[in-house]
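These notes are about the structure you will find just below.
The values are calculated or read from the model by the stated rules, or taken from the named source; none is laboratory data. Quick caveat, the model's predicted, so the values are computed rather than measured. Positions of Cβ are generated from backbone atoms using ideal geometry, with glycine treated the same way; all protein chains shown enter the neighbour counts.
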């Protein structure tokens, strides 16, 4: 055993961003990049799997693949899709965009110290955010947006929001205010871990 092997390594700090669809999770997570965080997106894992299965990338297919993964591989299945990326990353600071259930949080706790930051916004505001961002899987009507909300609640996102370490309300603040508040909270968490 070398001297290097005896030196304890600092744990990864994993900040899980959660919230209902369109609440501003991705904007908040992206604000941590300038702090040195590597961002991994839960939805990207599901979209990659949807594409791999040869299905068109729309909200319905992505949602069905997400549910199928969880049915076959357990509630932490989507987290397991990106776990190897966390483990192999040389970066200690990891931001996970789009955590939807407590089993995913528990999966991440196996490889680092986990904090949860929830972003909240009312349904009407979230629908506007979703339609403006222009992704292929964006809902095309308020009814489809509600179906998406119900699906997210069914997989456990409400529990993660309820147990978040901090919550930011994104109902009447600017994008820069959201970013600034995110950096303030996450910066405090990093400082606490480093001390």
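Structure notes:
- Of all the residues in segment 25-37, those that are over 23 Å from residue 173 (Cα atoms) and surrounded by 17 or more Cβ atoms within 10 Å (Cβ to Cβ) number 1.
- Residue tally, condition under 16 Å from the mean Cα position of the chain (by Cα) and either under 12 Å from residue 117 (Cα atoms) or part of a helix (DSSP H, G or I) (or both), over segment 152-174: 14
Table: residues versus (1) farther than 21 Å from residue 101 by Cα; (2) part of a loop (DSSP other than H, G, I, E, B); (3) in contact (Cβ under 8 Å) with a residue 60 or more places away in the chain.
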position: 132; (1), (2), (3): yes, no, no
position: 139; (1), (2), (3): yes, yes, yes
position: 147; (1), (2), (3): no, no, no
position: 176; (1), (2), (3): yes, no, no
position: 187; (1), (2), (3): yes, no, yes
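- Some residue of segment 58-70 being without any contact (Cβ under 8 Å) to a residue 12 or more places away in the chain and under 24 Å from residue 193 (Cβ atoms): no
- Scanning segment 16-35 for residues that are over 9 Å from the mean Cα position of the chain (by Cα), within 19 Å of residue 82 (Cβ to Cβ) and modelled with pLDDT of 95 or more yields 28, 30, 32, 33.
- Enumeration of residues in segment 57-82 that are surrounded by fewer than 18 Cβ atoms within 10 Å (Cβ to Cβ) and either assigned to a helix (DSSP H, G or I) or in contact with a helix residue (DSSP H, G or I) (Cβ under 8 Å, 6 or more places away or on another chain) (or both): 57, 60, 64, 67, 68, 71, 72, 73, 74, 80
- Residue within segment 107-117 that is in a helix (DSSP H, G or I), touching a strand residue (DSSP E or B) at 6+ places or on another chain (Cβ under 6 Å) and in contact (Cβ under 8 Å) with a residue 60 or more places away in the chain present: yes
- Pick from segment 121-132, criterion within 17 Å of the chain's Cα centre (by Cα) and either surrounded by fewer than 18 Cβ atoms within 10 Å (Cβ to Cβ) or modelled with pLDDT under 95 (or both), ranking: farthest from residue 70 (Cα to Cα): 129
- When residue 90 is tested against (1) outside any helix (DSSP H, G or I); (2) touching a strand residue (DSSP E or B) at 6+ places or on another chain (Cβ under 6 Å), only condition (2) is not met.
- Here the condition is being in contact with a helix residue (DSSP H, G or I) (Cβ under 6 Å, 6 or more places away or on another chain) and closer than 20 Å to residue 38 by Cβ; of 193, 105, 111, 186, it holds for 111 alone.
- Unique residue being within 18 Å of residue 32 (Cα to Cα) and exposed (fewer than 13 other Cβ atoms within 10 Å of the Cβ) when the list is 166, 181, 176: 176
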